[in-house]
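J.: Before I ask anything, let me first share the structure, which is written out below as structure tokens.
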Amino acid sequence: ERIFGYKNLKIDICCLSSSLNFYLNIDYDEKINPKKYHQFKADDLVESLNQWIPLSTTTNLDLFLSKLKNENECLPFGEQILTYELQGEKKSLSYSINRVNQNFCDDKKFVEWYSRLETFLVFFIDAASTIDKDDPNWVIYLLYQQYQNDNGQICYAPIGFITVYLYYAYPEKKRPRVSQVLILPPYQRKGHGRRLLTAIYNDLRKDSRVQDITAEDPSDEFVALRDLVSLELCHKYLPDLFSKESILKTNRLTKEMVEKARDICKLNKVINVFICIVLFIQLNLF
């Protein structure tokens with residue numbers, strides 16, 4: 001986006017890590033004078049930014065900082081389905097994955113909080129859009145990092161999320177579709193995306209009504225991630241069908257492989273898994 005009418009413009013947008021309360025500060029050296037420059041007016045920055053940042057955003061720094069003391073009161077939303085630890089620079093860090101079930105639209109507190117979380121989509125994903133929070137078919141998976149604040153209190157910061165829409169599949173099935181995927185930049189390339197997507201597959205595969213899991217307009221990066229997760233699921237739950245020996249024996253993707261991968265792992269794109277295994281065998285990596 002282009003901004004017109006300011007010299008040395010600086011826009012600061014700050015966000016508290018747990019409550020996701022926002023602070024906006026706009027600073028510049030000079031603003032264009034319409035009387036001097038043929039009625040040209042500077043862009044209304046607040047009005048423009050209000051399209052993307054939460055309406056609750058404050059421009060009062062003291063008010064914003066006063067909310068820091070309450071960050072430890074912001075507990076994770078949803079039902080915890082997985083916890084894990086990763087080694088940080090100085091110590092082991094704890095993470096949890098929570099599922100927020102359908103009909104969360106009735107939880108006003110969550111809807112307001114999640115609306116603030118969605119703000120990050122605008123900054124990190126091109127042409128991103130928000131979900132209809134009144135639609136009862138959305139399920140949201142949240143990834144939290146546990147940390148201690150300066151007072152030694154335990155806090156929980158959301159560092160990523162995936163939204164899933166539960167489509168109907170004839171006659172009495174449902175077909176979850178992964179819609180939005182975001183891991184915040186400081187936490188990318190650390191295995192969080194793989195763990196989050198794997199947790200979603202493992203969570204949904206327990207539901208006998210789920211036919212298979214698809215994705216909405218997946219990026220190349222997501223396709224690569226999904227193929228990796230699919231390969232791991234097949235190797236874990238269908239070791240006989242997707243073993244090196246089985247692949248070399250059949251030398252093709254069989255109907256049984258497709259059906260088992262769909263029924264047990266809820267996979268939609270089994271051909272990619274087969275190609276990966278064949279490639280790994282040829283490279284002596286499997």
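J.: Taking only the alpha-carbon atoms of the stretch 6-67, what semi-axes of the equivalent ellipsoid follow from 5 times the gyration tensor eigenvalues under a square root, in whole Å, largest first?
T.: Taking √(5λ) for each Cα gyration eigenvalue gives 29, 12, 8 Å.
J.: Can you order the peptides 261-272, 212-223, 141-152 by their average number of other Cβ atoms within 10 Å per residue, highest first?
T.: 261-272, 141-152, 212-223
J.: Where q = 0.08, 0.10, 0.14 Å⁻¹, what log10 of I(q)/I(0) comes from the Debye formula for the chain, counting one point per Cα?
T.: Results for the chain at q = 0.08, 0.10, 0.14 Å⁻¹ read -0.46, -0.67, -1.09.
J.: I would also like to ask the following. Given the convex hull over the Cα atoms of the stretch 218-286, what projected area results after averaging over all orientations, in nm²?
T.: Mean projected area for the stretch 218-286: 4.4 nm², to one decimal.
J.: Follow-up question, since we're still on this one. Give me the number: length gained by fully extending residue 254 to residue 167, i.e. 0.36 nm times residue separation minus the C-alpha to C-alpha distance, one decimal in nm.
T.: Net length gain for the segment: 28.6 nm.
J.: Let me ask you something else. Cut-off is 10 Å between beta-carbons; in what order do 100, 273 appear when sorted fewest neighbours first?
T.: Listed from fewest to most nearby Cβ atoms, that is 100, 273.
J.: What are the lysines whose alpha-carbon lies under 25 Å from the alpha-carbon of residue 7, with same-chain residues fewer than 8 places away excluded?
T.: Once the sequence-local lysines are set aside, what remains near residue 7 is 31, 35, 36, 41.
J.: Give the relative contact order (percent, whole number) for the stretch 122-267; include only Cα pairs under 8 Å separated by 6+ residues.
T.: Computed value for the stretch 122-267: 18 percent relative contact order.
J.: Moving to a separate point now. Around residue 114, with a cut-off of 10 angstrom between Cβ atoms, what is the net charge of the other residues, counting Lys and Arg +1 and Asp and Glu -1?
T.: Charge balance near residue 114 sits at 0.
J.: Which pairs break 24 Å Cα to Cα here: 67/91; 174/255; 90/236?
T.: With Cα atoms farther than 24 Å apart: 67/91; 90/236.
J.: Under a Cβ-Cβ cut-off of 11 Å, what is the net charge of the residues other than residue 218 that fall near it, where Lys and Arg count +1 and Asp and Glu count -1?
T.: It works out to a net charge of -2.
J.: Follow-up question, since we're still on this one. Please give me the summed charge of the neighbours of residue 172: other residues whose Cβ is under 14 Å from its Cβ, Lys and Arg +1, Asp and Glu -1.
T.: In short, +3.
J.: Something else now. At 25 °C and 0.890 mPa s, grab the translational diffusion coefficient of the stretch 1-132 from Stokes-Einstein with a Kirkwood Rh over Cα pairs, rounded to a whole number in µm² per second.
T.: 136 µm²/s
J.: Another one. For the stretch 169-286, what are Rg and Dmax over the alpha carbons, in angstrom?
T.: 14.7, 44
J.: Express the Stokes-Einstein translational diffusion coefficient of the stretch 115-244 in µm² s⁻¹, to the nearest whole number, given a Kirkwood radius over alpha-carbon pairs, 20 °C and a viscosity of 1.002 mPa s.
T.: Result for D is 131 µm²/s.
J.: Find how much the distance from residue 110 to residue 87 grows on full extension, using 0.36 nm per residue of separation minus their present alpha carbon separation; answer in nm with one decimal.
T.: Fully extending the segment from residue 110 to residue 87 adds 5.3 nm.
J.: Under a crude label model (7 Å from the Cα following the beta-carbon direction), how far is residue 11 from residue 177 in nanometres?
T.: If labels sit at residue 11 and residue 177, their model points lie 3.1 nm apart.
J.: Okay, next question. Using only alpha carbons, build the gyration tensor for the stretch 43-194 and give me the equivalent ellipsoid semi-axes, biggest first, whole Å.
T.: Gyration-tensor ellipsoid for the stretch 43-194: 26, 23, 16 Å.
J.: Here's a follow-up. Once you keep just the Cα pairs under 8 angstrom separated by 6 or more residues, what percentage relative contact order results for the stretch 185-286?
T.: 35 percent
No value in this document is a laboratory result; all are computed from the given coordinates. Note that the structure is predicted; figures quoted are calculated from it, not measured. Because the Cβ atoms are built from the backbone with ideal geometry, glycine has one as well, and the counts that use them run over all protein chains shown.
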